[in-house]
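S.K.: To start, I am sharing the structure in question, which I have written as structure tokens.
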Amino acid sequence: MMLSRLIPPTTKRVQLHTSQEINELILRQTEAAVQRYKHCDEETIAARIEELNKEWDTERVLETNASAIILISTILGFVFSPYWFILVGFIAFFLLQHAVQGWCPPLPIIRRLGIRTASEIAYEKTSLESLKQSNF
């Protein structure tokens, strides 16, 4: 039981480390988005699904954020002071922590901005696909 909390399932690890309030808000927004397409034609729903295929999930945002900080810190470390390499170490640690546990310091901010997990995006896509099939 303790190990499952330390190393949660991949598909649930971000939600487990996000406040219930934010998780519920994201779910309500997703369900509202699906409802907006309830009476739309197949082409409109397909266009929304295409948008969802391009939506950045939490992993992509975190990876981009971390790699940008690592790149900038590395350059600053070589150009100005080796102390900047300490930041590279912290970011590497936080990436490892996120990979294993599903939490890292920027995650609460990213979630409050409404950035969804791949599973949450897939839920909307699946709901829209079902809606598209039931409409036609």
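Read the figures in this text as sums done on the coordinates, not as results from a lab. Not measured: the values here are computed from a predicted model. Virtual Cβ from ideal backbone geometry, glycine too; neighbours counted across all protein chains shown.
S.K.: With only Lys, Arg, Asp and Glu charged, each at its Cβ (+1 for the first two, -1 for the last two), find how big the charge dipole of the chain is about the Cα centre; round to the nearest 20 debye.
M.R.: Value, rounded to 20: 400 debye.
S.K.: Work out how much length residue 118 to residue 92 would gain on full extension: take 0.36 nm times their residue separation and subtract the Cα-Cα distance, in nm to one decimal.
M.R.: Working: separation 26, 0.36 × 26 = 9.36 nm, distance 2.22 nm.
Answer, rounded to one decimal: 7.1 nm.
S.K.: Which FRET efficiency value, to the nearest 0.05, is calculated for residue 84 and residue 46 with the Förster distance at 30 angstrom and r the Cβ-Cβ distance? It would help to have the intermediate numbers written out before the result.
M.R.: Working: r = 47 Å, r/R0 = 1.57.
Using R0 = 30 Å, I get an efficiency of 0.05.
S.K.: Going out from 0 in 10 Å bins, what whole percent of all Cα-Cα distances in the chain drops into each bin?
M.R.: Spelled out per bin, shortest first, that is 11, 33, 27, 18, 8, 2, 0.
S.K.: Something else now. Ranked highest first by the average count of other Cβ atoms within 10 Å around their residues, in what order do 51-62, 109-120 fall?
M.R.: Working: 51-62: 14.6, 109-120: 16.8.
Peptide ranking by packing, descending: 109-120, 51-62.
S.K.: Continuing with this model, one more query. From the backbone phi of segment 100-109, what are the Karplus-calculated ³J(HN,Hα) couplings (6.51 cos²θ - 1.76 cosθ + 1.60, θ = phi - 60°) in whole Hz, Gly and Pro given as x?
M.R.: So the J values, rounded to whole Hz, are 7, 9, x, 10, 7, x, x, 4, x, 5.
S.K.: Around residue 116, which amide H atoms from residues at least 5 apart in sequence, or from another chain, sit under 5 Å from its own amide H, with H modelled in the peptide plane?
M.R.: 58
S.K.: By average Cβ neighbour count within 10 Å, what is the ranking of 74-81, 7-14 from highest down?
M.R.: Working: 74-81: 11.9, 7-14: 15.2.
Going by the mean number of other Cβ atoms within 10 Å, highest first, we get 7-14, 74-81.
S.K.: As an exercise, use a Förster radius of 35 Å and the Cβ-Cβ distance of residue 29 and residue 100 to find the FRET efficiency, rounded to the nearest 0.05. Don't skip to the answer; put the middle values down first.
M.R.: On the way: r = 28 Å, r/R0 = 0.81.
E(calc), rounded to 0.05, equals 0.75.
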